[in-house]
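Below you'll find the structure, written out as C-alpha cells, and then a few comments.
The values are calculated or read from the model by the stated rules, or taken from the named source; none is laboratory data. In this text, all values refer to a predicted model and were calculated from it rather than measured experimentally. Positions of Cβ are generated from backbone atoms using ideal geometry, with glycine treated the same way; all protein chains shown enter the neighbour counts.
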Amino acid sequence: MKIDIFETLEEFEKIREDWDRIYFEDPEAHLFLSWQWLQKYLSHRHRWFVLALKQDGDAHYCAFLPLKVSTYQDEKTKLFCDEIRMAGNYGADYTGFLCRPGLEDAAADAFSAYIGRENWTTLTFDYFYTASSRLDRLLAAFPQTEFSQTSNERSNSDNIDNTICPYVTLPESWEAYLATHMSAQTRQKLRRFMRMVEASPDYRITHATSETIERDLDTLFRLWRIKWAERKGSKVDRLITLTREMLLDAFNQGALDVPVLWYQDRPLGVIANLLDRQKKTVLFYITGRDEEWTTPSPGLLLHGFAIRDAIAEGYRIYDFLRGNEAYKYSFGVEERRIRSMLVRTLSGRNLRNCLNPRSIEHVYERAVELHKQGQLDRAEPGYRQVIHTMPTHTRARYGLAQLFDDKGEHDEAEYLYKGLLATMPGAGKIQHRLGDSQMAQGHYGEAAETFEALLARHPLLSLVRYKLGVALCATGRGEEALSVFTSFEDILSDDPDHMRCKLKAHDAVIRLRAALQGQQDEVPEPAQTPVSNASPPRVLVSPKRTLDASVRLPTAPPLLEPSLPAGISAHLQARPSKPGETRSRIKH
C-alpha cells in the first residue's frame with residue numbers, strides 16, 4: 001500500500017475521477033464525503049490534507065481520508081497543541097473515509113499508521129456510523145497504554161441526543177408512504193393541511209431560484225436566529241455565516257432545495273435540503289419557522305411536500321440528520337447511530353514534542369499577535385516551538401530576540417541577534433537591534449563597533465548615527481562622539497527621523513563641547529586611572545540557549561545605566577515597532 005498526500009485544490013481536482021468511482025461503490029459513502037461537497041467546503045478552509053491510498057501495482061486509488069489540522073494553546077502549559085480532525089467538521093453531520101468494498105481494514109490500518117507519524121496532541125474522530133467497523137479499526141492503532149481514548153459526544157441543553165440520526169426509507173409512491181409510515185391521525189392532518197395550501201390563494205410554497213436565493217436564506221436565518229440566538233450566544237453570527245456559505249455553495253452546484261411556506265406575504269417557515277443525486281438521498285440540514293404561527297404547522301407541511309417531491313423525483317432516503325427531536329418521528333423514521341471519539345497523547349503534548357509542519361506558520365503568526373498584545377508569557381512558547389520544529393525559521397528567532405528585549409533579557413536577545421547575523425551578515429535591521437541590546441547591557445564599546453559597522457554600509461541611517469555618538473560618549477571617547485554628532489551638518493535630508501536626530505545631535509554637540517572644555521580646565525589628580533577606550537573582552541554564552549519551549553527563564557539582572565556627560569540623553573525614543581517587523585525601537 002502507498003499513501004499520497006494532497007493539500008491543494010489543484011491536486012484535489014486531479015483525483016476526482018477515482019473519488020467519484022469509489023463514492024459510487026462505497027455503501028457507507030454520504031454527501032459529506034462527496035467530491036463535490038468537499039471541493040467547495042475545502043476551498044474556504046486552510047491546513048487540510050487528503051490521504052489517498054493506492055495498492056501496489058494499481059494505477060488507481062482505492063481509498064481516501066480527508067483530514068485537517070487545527071491548533072490551540074493549552075491554558076496551563078501555554079504550549080501550542082495540534083489537533084487532527086475530519087476535514088468536514090463542523091459543517092458535516094457525518095464523516096469517515098471512502099473505500100472500495102473489501103479493503104476497509106487495510107485502508108484503516110494504512111491511514112492510522114500515517115496519522116501516527118504526524119505530530120499532534122489530539123486526534124478527533126467525529127460522527128462515524130456506529131454500525132461501521134472502520135472507526136474501531138482506526139482506534140486500534142492507538143492503544144490506551146500509550147493514548148487516552150474518550151467519547152467526544154457533546155451535551156445538549158434540550159436533552160436532544162445528537163448521536164441518533166432519524167431517516168425515512170422512501171417507497172415507490174406517495175400514497176404508499178402515507179399508508180406505511182404515518183399514523184392515521186398524522187396522515188389525516190397532513191392531507192388536510194396540504195389540500196388547504198394547494199386550494200387557498202393565501203398560501204403558497206416557493207422554491208429558491210437564482211433570483212430569490214439570497215432573500216430566502218435571509219428569511220431562513222432571520223427566523224432561525226429568533227429561536228436560537230439566546231442559546232447559541234456569541235457563536236450565532238459565525239454559525240450563520242459559515243452555514244450560509246455552505247448552503248450557497250450547494251445551491252450553485254444544483255444540490256440545494258429551499259422551499260418557503262408563505263401566508264400572503266408572510267413567510268411561515270423555511271427548510272434547506274441538501275440533494276445527493278448519486279446516492280438518491282435528501283438531507284434536511286436546517287430550518288427556520290415563525291414561532292408565533294400554529295396552524296397549519298409549517299414544519300409538517302414543508303417536510304410533507306419535500307418528501308412527496310423526493311419520492312416523485314426518485315430519491316430513496318429522506319435523512320433528518322443528527323438529533324432525535326420529537327417532530328421527526330411523525331414521519332415514520334428509522335434510526336441510525338453515530339459516535340465520536342477523542343484520542344489524546346498521555347503527555348498532553350504533541351507527539352515528538354514538535355509542531356505539525358502545517359502549523360508552523362500559524363503558530364508563528366499567533367505568537368506575533370500575542371507579542372503585539374503584550375502577552376509575552378503566551379507568545380514566547382510559540383516562538384520557541386516554531387524554532388524547535390524548524391531551526392531555520394529566522395523570523396521566529398528574530399521575534400524571540402525582540403521578545404527578550406521587551407522582557408529586559410538583553411543578553412538573550414544579543415545571543416539570538418548574533419546567531420542570525422552569522423547566517424545573514426547583511427541584515428542591517430538585525431544588526432541595529434544587536435547594537436540596541438548591547439547598549440542596554442552597558443556594553444558601549446561593543447555597541448559602538450556594531451553601529452559603526454552598520455553605518456559604514458548604510459551611511460544615511462540617522463538614528464544609527466546618533467546612537468553611535470551616544471555609545472562613544474558612554475565609553476569616554478568624547479572627541480570621536482563629537483565628530484559623529486557634527487557630521488549631521490554634512491547630510492542634507494528632510495526625512496523626519498533625520499531632522500529629529502539632527503536636532504538631538506546639535507544639542508549634544510553644545511553640551512559635549514562644554515563638557516570637554518571643562519575637563520581641560522580641571523587639574524587632573526595623580527591617582528586617577530585613565531579611561532580605556534576598549535571594552536574588556538566578553539564571552540557571550542547564553543545560559544538559556546536551548547530553545548525547549550517548556551523551560552522557564554530566570555529574570556534578568558537590573559540594567560546598567562550609561563554614564564554620559566550631563567545633558568546628553570540616552571533615551572532617544574524611536575517610533576514603537578511591532579514584533580516581527582524590522583523597525584528599531586531603542587530600549588535604553
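For the stretch 146-173, enumerate the residues that are assigned to a loop (DSSP other than H, G, I, E, B) and of a type in the set (S, T, N, Q).
ASN152, SER155, ASN156, SER157, ASN159, ASN162, THR163, SER173
Here is a list of conditions, (1) under 18 Å from ARG47 (Cα atoms); (2) surrounded by 19 or more Cβ atoms within 10 Å (Cβ to Cβ), and GLU361 meets all of them except one; can you say which number that is?
Every condition holds for GLU361 apart from (2).
Collect the residues in the stretch 208-223 that are farther than 21 Å from ASN252 by Cβ and in contact with a Gly (Cβ under 6 Å, 6 or more places away or on another chain), keeping them in residue-number order.
Within the stretch 208-223, just LEU223 meets the criteria.
If I filter the stretch 458-466 for residues that are at pLDDT 95 or above, small (Gly, Ala, Ser) and under 30 Å from ARG395 (Cα atoms), do I get at least one hit?
no
From the list LEU178, LEU170, LEU190, exactly one residue is without any contact (Cβ under 8 Å) to a residue 24 or more places away in the chain, within 17 Å of ASP309 (Cα to Cα) and buried (at least 18 other Cβ atoms within 10 Å of the Cβ). Which is it?
LEU178
Kindly indicate the residue of the stretch 205-234 that is more than 27 Å from the chain's Cα centre (by Cα), surrounded by fewer than 16 Cβ atoms within 10 Å (Cβ to Cβ) and in a helix (DSSP H, G or I) and also modelled with the lowest pLDDT among those meeting that condition.
This residue is LYS227.
Can you confirm whether TYR61 is crowded, with 18+ Cβ neighbours inside 10 Å, in contact with a His (Cβ under 6 Å, 6 or more places away or on another chain) and not assigned by TED's automatic domain parsing to the domain that holds LYS280?
No.
In the stretch 36-93, which residues are over 19 Å from the mean Cα position of the chain (by Cα) and among the aromatic types (Phe, Trp, Tyr)?
TRP37, TYR61, PHE64
Looking at (1) more than 18 Å from TYR466 (Cα to Cα); (2) buried (at least 22 other Cβ atoms within 10 Å of the Cβ), find the lone condition where ALA447 falls short.
Against the list (1) more than 18 Å from TYR466 (Cα to Cα); (2) buried (at least 22 other Cβ atoms within 10 Å of the Cβ), ALA447 comes up short only on (1).
Starting from the stretch 479-508, take each residue that is over 15 Å from LEU461 (Cβ atoms) and list its partners that are of a type in the set (Phe, Trp, Tyr), counting only C-beta distances under 6 angstrom and pairs at least six apart or across chains.
ALA508/PHE485
Among residues belonging to the stretch 382-427 that are of a type in the set (S, T, N, Q) and out of contact with any His (no Cβ under 9 Å at 6 or more places or on another chain), point out the one that is surrounded by the fewest Cβ atoms within 10 Å (Cβ to Cβ).
For the stretch 382-427, the residue satisfying everything is THR392.
Quick check: is even one residue across the stretch 349-356 modelled with pLDDT of 95 or more, under 30 Å from GLU25 (Cα atoms) and either in a loop (DSSP other than H, G, I, E, B) or among the aromatic types (Phe, Trp, Tyr) (or both)?
no
Given the conditions (1) farther than 29 Å from GLU335 by Cβ; (2) modelled with pLDDT of 95 or more, which single one is not true for THR243?
For THR243, the exception is condition (1).
Which condition from (1) surrounded by 15 or more Cβ atoms within 10 Å (Cβ to Cβ); (2) over 21 Å from ALA250 (Cβ atoms) is the one that PHE32 breaks?
Single failed check for PHE32: (2).
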